[in-house]
Amino acid sequence: KLGKLASDGTLRNVMSRLQNAIGSPASSGSKFNSLAEIGITTDAKTGQLVVNEDRVKKALSTDYAEVNKLFTGDEGSQGLAARMGDAVRSLRDSSSGAVANRMKGLDRILRDQDKQIERQTTRFEERKIQIEQKFARLNAQLAAMGGQQNFLAARFGGTQQPIAMPETQMSAGAEGAK
């Protein structure tokens, strides 16, 4: 199962650049050209370094100076440690590094989302005021109708029953409506 950052382009870029720094053949002046030659490889699925302790111990015990050159380089050549350092510095560069660019992009997204939240909050507050005003108007109308109901109930003897129209008026009203 892939992790949440597996699809992050910046993270893939960082991993790729670091893997290239340690995985490509070194021009260190050593008889060893890569970590794989001394027993350190990269797992193709996870990107993690895999250390074959026996091979590393053998390389260190038989050719310590050459292993040292692989990492440190010699005059006019760059070892793996310097290449890794250069790769990390370029990734962390505050103006053009991948990490800085990603941080700037995320900051921009956050600012845009904050503005959007602010606009929505304002819109919701305006809508809330409109609804409260409408409710107050409806409440006032309901109170007025309640007053009319009380007046009519008092005027017609307090009955709450609807007043039935006589049959002759209903049929005449129905014919007139036709």
When only residues in region 34-48 that are open to solvent by 70 Å² or more (accessible area, probe 1.4 Å), out of contact with any helix residue (DSSP H, G or I) (no Cβ under 8 Å at 6 or more places or on another chain) and not small (Gly, Ala, Ser) count, which is modelled with the highest pLDDT?
-> 48
If you go through region 94-111 one residue at a time, do you hit one that is open to solvent by 100 Å² or more (accessible area, probe 1.4 Å) and closer than 29 Å to residue 30 by Cβ?
-> no
Residue 30 vs. criteria more than 42 Å from the chain's Cα centre (by Cα), touching a residue at least 24 places away in the same chain (Cβ under 8 Å) and closer than 28 Å to residue 98 by Cα = no
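In the list 55, 83, which residue meets the criterion of being touching a residue at least 60 places away in the same chain (Cβ under 8 Å) and surrounded by 13 or more Cβ atoms within 10 Å (Cβ to Cβ)? Please lay out each step first, then the result.
On the way: 55 fails: touching a residue at least 60 places away in the same chain (Cβ under 8 Å).
The conditions single out 83.
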Which of the following residues is open to solvent by 100 Å² or more (accessible area, probe 1.4 Å) and either touching a strand residue (DSSP E or B) at 6+ places or on another chain (Cβ under 8 Å) or over 20 Å from residue 20 (Cβ atoms) (or both): 138, 142?
-> 142
First in region 99-111 and aliphatic (A, V, I, L, M), second anywhere and open to solvent by less than 80 Å² (accessible area, probe 1.4 Å) and modelled with pLDDT under 90, Cβ under 6 Å, 6 or more apart = 99/91
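The values are calculated or read from the model by the stated rules, or taken from the named source; none is laboratory data. The shown structure was predicted, so the numbers you read here are calculated from the model rather than taken from an experiment. Glycine gets a Cβ as well: all are built from the backbone with ideal geometry, and neighbour counts include every protein chain shown. Just so you know, the surface numbers come from the protein's heavy atoms only, side chains and all, with ligands and any DNA or RNA stripped out. Shrake-Rupley method; radii C 1.70, N 1.55, O 1.52, S 1.80 Å.
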